[in-house]
Amino acid sequence: MTKKKRIGLSIVSLSLSAVLAMPFAVGTPTASATSGKLSPHTPVSSDGTVFEAAKTFSGVVTEANGSYVKGYEGTGKKSPVKIKGGKVAPVRSAEGNEGDVSTESVIGTDERTRVTNTTTYPYRAIAHIESDIGGCTGWMIDADTVATAGHCIYDPGSGKWASWAKVYPGRNGSTAPYGYANAVNFFSVTGWTQNGDTNYDYGAIKLDKPIGDSTGWFGLRVVSGSLNGMAQNISGYPGDKTYGTQWEDADQVRETYTYKVHYANDTYGGQSGSPVYNSSSCGTCSIAIHTNGVYGGNPYNRGTRITQEVFNNLNTWKNR
């Protein structure tokens, strides 16, 4: 396999009747008028609620090739704490409905570099997640909401949500410069929680305090058409490095699909949920959520693309 060249970072469906029969609260589901089936992007939460995503949001800027909402750099105010306790094993990429899906992969020579100053933006808005499911990465999308991979918060194999999570933005080993926040709710979509479909492997965590006011948060960007050649970066908390340290690698989008983007950034288990982001007129915005490594004969790592539906859900979860 030819190793990538380093580049710079540039400026299941579920029947409605079945859902209604479930023993939990149901909001207004997004159903097809003809099929009576829920969209696989239908939002669900760990408190048992199935609800409808909003369609309009404040701050959305329309471009010729899509739309975006800008991020925020935060105040940078620190509340450092030393972290004590045992390590949490990194979450492996979930198998989902595609069979044997690998963990995140180092492609050829490992070109990841450690982020030594995690208090600069946007690194301080990238968080180490510990939970009873395992260790993952997430990224702030507003003051009290963290985006991540669906398999970091819900295991379709056992049918269980994480029951707790601690989120450490900008963690640097045993130090948390901004302290931590606890999860109070988890969100994903029926395409993941009901079908384990890796095309819908994304979710979010609602926190018990607005820690993002200090760390800032990422913007979100929808790009129509091909993203091939777009410069991007991935930074997160891999399980093969010193525990709780943040590592990054830059590449470009190599392949674009309806629900996924593929790239040659080096990653490892524990980096699931990392932002796939770049800088443009949007500011610092994510275009995908890192989820999987090399599998199925394809040489690239991959992430859940931020489509319009993903964009709508992430913004809905921010405001819920």
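List of remarks:
- Applying the condition of being β-branched (Val, Ile, Thr) and surrounded by fewer than 23 Cβ atoms within 10 Å (Cβ to Cβ) to the range 237-257 and asking which residue is nearest to Pro177 (Cα to Cα) yields Thr245.
- Some residue of the range 278-294 being out of contact with any Lys or Arg (no Cβ under 7 Å at 6 or more places or on another chain), within 18 Å of Ile126 (Cα to Cα) and at pLDDT below 95: yes
- Any hit, the range 258-272, residues being open to solvent by 10 Å² or more (accessible area, probe 1.4 Å) and at pLDDT below 95: yes
- Meets criteria (under 22 Å from Gly196 (Cβ atoms), at pLDDT 95 or above and surrounded by fewer than 17 Cβ atoms within 10 Å (Cβ to Cβ)) for Ser163: yes
- Of the candidates Glu98, Glu104, the single residue that is modelled with pLDDT under 95 and either of a type in the set (Lys, Arg) or open to solvent by less than 10 Å² (accessible area, probe 1.4 Å) (or both) is Glu104.
- Breaking point among (1) modelled with pLDDT of 90 or more; (2) assigned to a helix (DSSP H, G or I), for Ala18: (1)
- Only residues that are open to solvent by less than 10 Å² (accessible area, probe 1.4 Å) and β-branched (Val, Ile, Thr) were counted across the range 279-320, and they come to 6.
- Criterion: exposed (fewer than 12 other Cβ atoms within 10 Å of the Cβ) and in a strand (DSSP E or B) - qualifying residue of Thr62, Thr75, Thr56: Thr62
- All of Leu220, Leu227 fail the test of being under 22 Å from Val61 (Cβ atoms), part of a strand (DSSP E or B) and of a type in the set (A, V, I, L, M), apart from Leu220.
The values are calculated or read from the model by the stated rules, or taken from the named source; none is laboratory data. Computed from a predicted model, the values in this text were never measured in an experiment. Positions of Cβ are backbone-derived with ideal geometry, glycine not excepted, and every protein chain shown enters the neighbour counts. Please note that ligands, DNA and RNA were not included when accessible areas were found on the heavy atoms of the full protein model with its side chains. Shrake-Rupley method; radii C 1.70, N 1.55, O 1.52, S 1.80 Å.
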